[in-house]
Structures are given as structure tokens and as C-alpha cells.
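*Asks:* Take this structure first; my questions come after.
The values are calculated or read from the model by the stated rules, or taken from the named source; none is laboratory data. All values derive from a computational prediction rather than experimental measurement. FYI the Cβ positions are ideal-geometry reconstructions off the backbone, even for glycines, and counts take in every protein chain you see.
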Amino acid sequence: MVIPLLHVTSDANPVEWYLAWHVDPLLTVLLGGSAAGYLLAYRAAARTGRRVPPRWQVLTYLGGLVSLAVALMGPPDHFNGVLFSVHMVQHLILMLVAAPLLALGRPVQVLLRGLRPHHSRALMGITAGHPELRGLLGMVVHPVTVFLLYNGSFLFWHLPGPYQAAVRDELIHDLEHVAFFGTALLFWWVLIDPVPRHYRLSTTAAALLLFATWMAGDLICATITLSRDLIYPVYAETETPWGLTPLGDQRLGGAIMWVSAGLYYAVVLIGLLAAPYLRTRPANHAGQHA
């Protein structure tokens, strides 16, 4: 079996795009190790009677790992050097599919509860016993910091210079993906269920962070979609498949991000604002019939 380590671009067959897969040994080991470690910790916690997430959250974590494999070893990775639109799909998978699914699986909680009590207390004590480290963690998970890191990374890597450098250079491309995925994982972890729990945002703060991120992303995506000029000339250097022109491909990629991310953030925001009402409704209903 041929195991390419670099992105396949011009050699990928656009007709049989669904067969464009490769195996990255390092990534395969990391994904497999993450799945095994999570399941072992979950099993250990369940055996000792400690509280564990429901099964559906286990599936979301595993689904996050699968989506990472699709993004980084599947068709999106093979065509991201010849089609801007496919590259944007890859980024969406990393930031809006893989990262939130992994965060929903609550891996930090599963790990801590899967350890022996004195080991988990020792890990938690690392931050509790060091005010400087606790202060640094508090600064990192502050909503303003999270907003700047997440959206700053998104803006920086869509500037023509850094973006085209990432397309041309494999190492820079990997750094781009690490930045996107890392900041997205922080973003969704803070929104969903941070550890320690006193870092959890109020509903208002979470809604403001989500809405501000939505608007910032819309501004960037609209700029790309509505541009009359080719922002990324690197895509004019190779033949564009499926009858797309480089400018048409750029507009398609911007529109994919603009529409799909906008709808995604809107649904999450509505769910976030509705959650407190839905949680109190059964109690109120029971009280009325008591």
C-alpha cells in the first residue's frame, strides 16, 4: 500500500473524488490513541461508579475523531490545493464539526474520572496550588481572549500571504490546521463545559461570544464571496476541475462558509438561549399539577 505523507493535489482524480483517501501514519496513531484512551478512561470511570457522560456523548467524541480523519486524510485533503471551495469545506469540518463534537464528549471530565482519585486530585491540584497558572488559565478561557484567538486565527490565515504560503508549503499548511483546530477546540470547550466548572460562562456571556463570532466570520466570508478580484492567485496556477474558474471557485468557497457557518451559528445560538427555558419548563409544568 502506498502511504503518501503529503497532500495529493494534481494527481487526484476529480471524477472519482470519493476514492481520494490516504493514510497518514502519525495522524492515524494519534486518532486511534485518542479513541482508545477515551474509551479506557470511560470504562474505568464506569467500573468505579463514578459519573460518566451518557452514551450519546461518547458517540459524539468518536464522531469528532472520524470527522478529523475525513478532513485530513479524505477527499477534502486531496483537493484543497486545487480548489479553494474544497479547502473551505475542510476548514469547516475542522472548526464546526470535529471541534464541537469532541468538546461535547467531555474528554477532560472522562479522563479525570477514569483516573484513580488521588491521581485526578493531583492533576486538579496543579492549577489549584499555583496561583500564577490558575491566573493564566483564567485569562486563556476569558471570552475576550477566546474571541480574539478564534477569530484572529481565522482572519490571519485567510489573508492572501499566509493563506497562499499554506497552500504551497506543507509545514505551514499543517500549522494552519493546528491553529484552526486548536482555537476551535478552545472556543467550543469554553462554550460547552470547561474544567474547572467555575470557568463556565453565563448564558448571556456565551450568547454574546457566539453572536460576535458569527458576525466577525460573516464579515470575512462576505469579503471573499463578493470580491471581484482573485484574492488567492495560487489557484490560477493549476487547472481547476469541474468546470470552475478560479474566481468562481473563490466565490463558491466564500459562499459555502458564509451560508453554512451563519446557519450553524444561528441554530446554536437559538439552542443556547432556549436551553434555560426548556430546563425550567418541566419543573413549572409539574408544579402546576401538584
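*Asks:* For region 187-209, state whether one or more residues are in contact with a helix residue (DSSP H, G or I) (Cβ under 7 Å, 6 or more places away or on another chain) and within 16 Å of LEU92 (Cα to Cα).
*Replies:* There is at least one residue in region 187-209 that is in contact with a helix residue (DSSP H, G or I) (Cβ under 7 Å, 6 or more places away or on another chain) and within 16 Å of LEU92 (Cα to Cα).
*Asks:* Moving to a separate point now. Collect the residues in region 241-267 that are among the β-branched types (Val, Ile, Thr) and under 30 Å from LEU191 (Cα atoms), keeping them in residue-number order.
*Replies:* The answer is ILE256, VAL259, VAL267.
*Asks:* Given THR245, THR203, THR240, which one is at pLDDT below 95 and surrounded by 15 or more Cβ atoms within 10 Å (Cβ to Cβ)?
*Replies:* THR240
*Asks:* Still on this model: Every residue in region 159-182 that is over 21 Å from MET73 (Cα atoms) and surrounded by 14 or more Cβ atoms within 10 Å (Cβ to Cβ), please.
*Replies:* Within region 159-182, just PRO162 meets the criteria.
*Asks:* Next up: Pull out all pairs, ordered by first then second residue, where Cβ-Cβ is under 7 Å, the residues are six or more apart or on different chains, the first lies in region 209-234 and is at negative phi and in contact (Cβ under 8 Å) with a residue 40 or more places away in the chain, and the second is of a type in the set (Lys, Arg) and part of a helix (DSSP H, G or I).
*Replies:* VAL234/ARG168
*Asks:* Would you please list the contacts, defined by Cβ atoms under 7 Å and residues six or more apart or on different chains, that run from a residue in region 138-158 that is touching a residue at least 24 places away in the same chain (Cβ under 8 Å) and surrounded by 14 or more Cβ atoms within 10 Å (Cβ to Cβ) to a residue that is part of a loop (DSSP other than H, G, I, E, B) and not aromatic (Phe, Trp, Tyr)?
*Replies:* VAL141/PRO194; PRO143/LEU201
*Asks:* Which residues, taken from region 55-84, are small (Gly, Ala, Ser) and modelled with pLDDT of 95 or more?
*Replies:* Result: GLY63, GLY64, SER67, ALA69, ALA71.
*Asks:* If I filter region 37-53 down to residues being closer than 13 Å to LEU115 by Cβ and of a type in the set (D, E, K, R), which single residue comes out as modelled with the lowest pLDDT?
*Replies:* Per the criteria, the residue is ARG50.
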